[in-house]
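Working notes for the structure below.
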Amino acid sequence: NIFKHHKRFTDKTLNHIVYIDKELWDSPDDALKQKILSDAEKNKNKVIVVYDSTTGEKNVIRQPRNSQSLEFETVEVISRDRVSLSAYAKYEYLDFARRHDWKRNHKSVFRVNTAGSSSGRSIYA
């Protein structure tokens, strides 16, 4: 379950940037979308970006008012599968965050969470 892994990962940290595949976000079953939005609204510590794996377009859906002053401990990419991610995904997403002045903590973790995996994969950045 993608949300279960997302929740387990984000419960451990304060500030979080999540990139979610547009196909998952726009799914007719919008349970994942509603859970992530609800969690972000309640905790006010998440930036949510929807990305199109085909075009590379990224749209910021939600960010706390003070997002430029926060230090983010985690960056998570939620994807349909690993195949749709480029080999340079980590650098693309971290660069997008940098261009928005979202600062990463020096011990931040980058993680990929896919629909087909039993757990996510963490990469220490």
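Where a number appears in this text, it was derived from the coordinates with a stated rule and is not lab data. Not measured: the values here are computed from a predicted model. In this analysis, Cβ positions are derived from the backbone assuming ideal geometry, glycine residues included, and neighbour counts consider all displayed protein chains.
Points worth noting:
- Hull shadow area, averaged, segment 35-117 [alpha-carbon convex hull, nm²]: 5.8 nm²
- For Val49, residues with placed amide H under 5 Å, excluding near neighbours: Val18, Tyr19, Ile20, Ile61
- Calculated FRET efficiency, Arg99 to Thr55, Cβ-Cβ distance, R0 = 25 Å: about 0.90 to the nearest 0.05.
- Within-13-Å neighbourhood charge of Gln68 [Cβ basis; K, R +1; D, E -1]: +3
- Between Arg62 and Glu41, the modelled label-to-label distance comes to 0.7 nm, taking each label 7 Å out from Cα in the direction of the beta carbon.
- Legend: calculated FRET efficiency, Gln34 to Asp81, from the Cβ-Cβ distance at R0 = 30 Å, rounded to 0.05, equals 0.85.
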